[in-house]
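Notes to accompany the following structure.
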Amino acid sequence: MSATTGRGFFTPQRPPLATWAEFVEARSKHEAGLDAFNPRMSHPAQQTYIVTRRVQAHDSTPCVAAWHQYTRHLVGQPTEAFGGRHIPYGSFQMYMPCKSNQTGEDGDTCDEEVLRVATILEEKTFYPRHGSNSAWRDRLDVYRLPKSGDLDDFVRSCVTHQKREIAHREAAGAEGEDLYIQRWNIGSTDPAAEEYQRALIVLESVPGQDDDAGWDNIKFLFTRFDLIDRERDEEDRDAYGDIFTRRVVGLESAAREMHDMRGADSNILGDFYSDYEGDFGEP
């Protein structure tokens with residue numbers, strides 16, 4: 001319905017939708033061709049928020065899963081699902097060091113510190129690592145392990161822990177499937193995926209609470225392990241050890257590496273995540 005003013009015609013704006021029931025009704029009318037109004041283009045617009053969940057690791061190591069979800073904040077709107085799952089299927093397994101299992105360098109408990117770092121990592125890497133493929137979402141599983149010895153020793157301890165965590169979740173049945181840890185030789189465009197089935201990311205250190213700029217200098221070790229069993233010539237055997245590590249400096253560079261590792265903006269994501277696409281809270 002239009003009205004006339006001294007300057008001509010205008011179409012009044014519809015009031016924002018308030019409930020999920022209103023959205024569904026408007027969507028049904030639009031899809032049936034009964035109304036030009038498309039509720040997907042209306043207010044309130046989609047917004048993202050970060051979800052965190054404490055995870056019970058096999059040895060009670062502090063662990064937090066973090067991911068983004070979408071909502072319009074409509075009354076009664078369903079929580080976003082991912083192909084029938086409430087948690088994204090894909091994941092990056094990330095390890096941060098601490099000097100003990102009780103407290104962090106700033107005096108926080110490890111649980112609090114892991115929650116803080118997982119939230120920061122998810123917030124700062126979400127958009128660059130997903131590119132235009134936010135429907136095919138992944139999550140971050142962030143662990144905190146005591147660090148002893150040099151960095152190579154710490155990386156090996158993270159790999160050992162991850163192997164046990166994978167076995168634990170696979171043995172846990174449906175509960176473990178909820179927090180599935182993917183193989184990285186499937187659904188990845190990283191050349192290292194041709195040689196190794198599993199991967200994790202090790203943070204050499206973690207900035208303090210008020211040191212946001214410190215993330216620009218943090219070293220991230222992208223670590224491949226679980227060498228694929230196949231015949232190799234002598235050159236191949238020398239080139240690929242049981243663990244392969246690539247070092248990246250700065251959170252921005254790490255996010256780009258994660259983008260490439262998951263094959264964002266490529267057809268491979270649609271193939272790998274086709275059954276686990278996020279519905280943006282609008283099933």
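Assorted remarks:
- Identification of helices (runs of 4 or more DSSP H) wholly contained in region 204-283 with 2 or more residues that are at pLDDT 90 or above and under 18 Å from L140 (Cβ atoms) yields 251-261.
- Unmet requirement for R164, which otherwise passes all of (1) basic (K, R); (2) open to solvent by 70 Å² or more (accessible area, probe 1.4 Å); (3) under 21 Å from R137 (Cβ atoms); (4) at pLDDT 90 or above: (3)
- Residues located in region 17-59, provided they are in a loop (DSSP other than H, G, I, E, B), farther than 30 Å from H161 by Cα and open to solvent by less than 90 Å² (accessible area, probe 1.4 Å): L17, A18, A32, G33, D35, F37, N38, S42, P44, A45, Q46
- Members of region 140-161 that are among the charged types (D, E, K, R) and surrounded by fewer than 22 Cβ atoms within 10 Å (Cβ to Cβ): K147, D150, D152, D153, R156
- Residue match in region 80-101 (condition: modelled with pLDDT of 95 or more, within 22 Å of the chain's Cα centre (by Cα), farther than 24 Å from C158 by Cβ and crowded, with 18+ Cβ neighbours inside 10 Å): yes
The values are calculated or read from the model by the stated rules, or taken from the named source; none is laboratory data. Computed from a prediction, not measured in an experiment: that's the story for all the values here. Every residue, glycine among them, receives a Cβ derived from its backbone with ideal geometry; neighbour counts consider all protein chains shown. These area figures cover heavy atoms from the full protein model, side chains too; ligands, DNA and RNA do not enter into them. Shrake-Rupley method; radii C 1.70, N 1.55, O 1.52, S 1.80 Å.
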